[in-house]
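Here the structure comes first, spelled out in C-alpha cells, and everything after it is commentary.
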Amino acid sequence: MKKKKKIIFIVILSIILLTLIGGLIYLNHDKSDKNNKVNPSKVTDNKINNTSKKINLKLKKLEIQENDTYKLEDFIESCEIDNQECQLEYTNQEYAAYSKVGSYTIFIKAKSSDSEVIEKTTLEIKAKEEKSDNSDNKENKENKENNSNNKENNSNNTVNDNTNNTSNSNSLYVVDHTTEEKRNNTYKYGTTITTITTYYYDVYNDGSKKKTNETSRVEYNYNTFNATSNDLKQEATDLVNTYWDTLNAVLNNVNSYRNEVGLGNLEMVRDLCIAATIRSLEMGWSNNFSHTRPNGSDCYTILSDLNIPMYGMAAENIAYGYTSADSVSLGWKNSPGHYSNMINSSANKIGIGLAIVNGSYYWTQVFTG
C-alpha cells in the first residue's frame with residue numbers, strides 16, 4: 001500500500017513539473033517574439049505598408065515663389081506599381097492650395113487595387129523678388145535734366161544752375177535691396193524650434209531704408225529631444241481625452257477584423273492608451289519613427305515606465321501620415337505583420353494613441369494579453 005501511494009505521489013509530482021516547464025517554455029517563446037529581429041509588428045520603413053512591395057513612390061521637394069501655382073505631379077519623382085497605373089492624391093486637399101510664403105509638409109498617397117502607401121515631402125514658398133527699374137529711370141531722367149540744364153547754362157546765368165543742383169540733391173530713389181534675418185529659439189521636450197523671420201528693405205540713395213515685406217519659417221532640431229515618459233504623460237493624457245472618439249473608431253475596426261476570423265473583442269484600457277500616446281508623441285518630437293525609443297530602449301519599456309503589467313504577450317503597431325481612423329486601420333490590415341498583431345488570439349487588451357506633431361499624424365497600438 002505504501003509503495004502504491006509513493007508511485008501515485010511521483011506521478012502527480014511529475015505532472016506538476018511538466019506543467020510548470022511547459023508554461024515557462026510558452027512564456028519564453030512569447031517574450032522572444034518581442035525582440036526586434038522576429039516581432040511581426042516591427043517595421044524598417046517609415047510607412048505602414050512597407051511589406052507589400054507593390055508600390056514604390058518617391059517624392060521631391062518643390063520650391064516656388066509666392067502666389068505661383070503648382071500641381072500634384074510637380075512633387076513626384078517616380079511612382080512604380082507592378083503592372084498597374086499609379087493613382088495619386090493628396091491626403092488633404094488643403095495641400096493643393098497653398099500660396100503664402102512659408103514651408104509646408106505635404107503628404108501624398110499612391111494607391112493600387114489592393115494596397116496604398118503615403119510619403120511626405122516639403123513645399124517651400126518664397127517671397128517674390130521685386131524687379132524695379134525706378135532707380136534706372138530716375139537716373140536717366142536726372143541725366144537728361146542735367147544735360148538740359150547744362151545746355152541752358154551756356155546761355156543762362158549761374159543762379160539757375162545752382163537752383164537745379166539743389167533740387168536734384170533733395171530727390172530720393174531706391175538704389176539697392178537688402179534683407180535682415182532674425183532667429184528665435186523655443187523648446188518643447190528638448191526639441192529646438194527655431195522661428196526664422198526675414199525682413200526685406202528698399203535702400204535709398206541717402207543711405208536710409210524702408211521695410212517692404214517680412215516672411216517667417218520654422219526649423220526643428222530633433223537631435224536635442226530629451227523627454228522622459230513622465231515628461232510626456234500629462235499631454236498624452238489630455239490627447240487621449242481629446243481623441244477618445246477617434247480611438248474608439250479604431251477599436252471598432254480592430255474588433256471587426258477579429259470577429260471576421262472568429263475571435264472576441266479586445267478591451268481598450270485607458271492606461272494603455274496613455275502609453276500608446278506617449279509613444280506617438282516621442283516619435284513625433286524626436287522625428288524617430290521606430291519601435292526603438294529615442295533613448296535606445298525597446299518599445300515595450302513604456303509599459304514598465306507606467307507600471308503596466310505584461311502577463312503573457314505584448315505587441316506594438318505604429319503608423320504615420322494617415323489622417324483618419326478608417327484609413328490607418330485599413331493600412332494596418334493590409335500589412336500582414338500588423339494585421340497578425342490585431343488578430344492575435346493571445347491578446348485581450350489594447351491601447352491606441354494619436355499625436356499630431358508639426359502637421360504629421362503619428363498612430364500607435366499597444367496589445368497585451
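The values are calculated or read from the model by the stated rules, or taken from the named source; none is laboratory data. As the structure is a computational prediction, the values presented were derived from the model and not from experiment. Virtual Cβ from ideal backbone geometry, glycine too; neighbours counted across all protein chains shown. Surface accessibility is based on the protein's heavy atoms, side chains included, excluding ligands, DNA and RNA. Shrake-Rupley method; radii C 1.70, N 1.55, O 1.52, S 1.80 Å.
Before moving on, here are some points about what is shown:
- Extended-chain gain in nm, criterion 0.36 nm per residue less alpha-carbon gap, T237 and T301: 21.2 nm
- The distance between label points at T323 and N265 comes to 3.0 nm (points 7 Å beyond Cα on the Cα→Cβ vector).
- Taking amide hydrogens as placed 1.01 Å from N in the peptide plane, the amide H of G190 sits under 5 Å from those of N226, each at least 5 positions away in sequence or on another chain.
- Sequence of E180, E124, E85, E73 when ordered by accessible area, the most exposed leading, probe 1.4 angstrom: E85, E73, E180, E124
- Backbone N within region 61-79 under 14 Å of label point (7 Å from K100 Cα along the Cβ vector): 66-67
- Spatial separation of Cα centroids for region 217-293 and region 325-369, in angstrom: 9 Å
- In this simple spin-label approximation, K71 and T212 carry label points 7 Å from Cα along the Cα→Cβ vector, and these lie 3.2 nm apart.
- Principal semi-axes in Å for region 196-238 [√(5λ), Cα gyration tensor, largest first]: 45, 11, 7
- Hypothetical label at N358: residues of region 216-257 whose amide nitrogen lies under 14 Å (7 Å Cα-Cβ projection): 217-226
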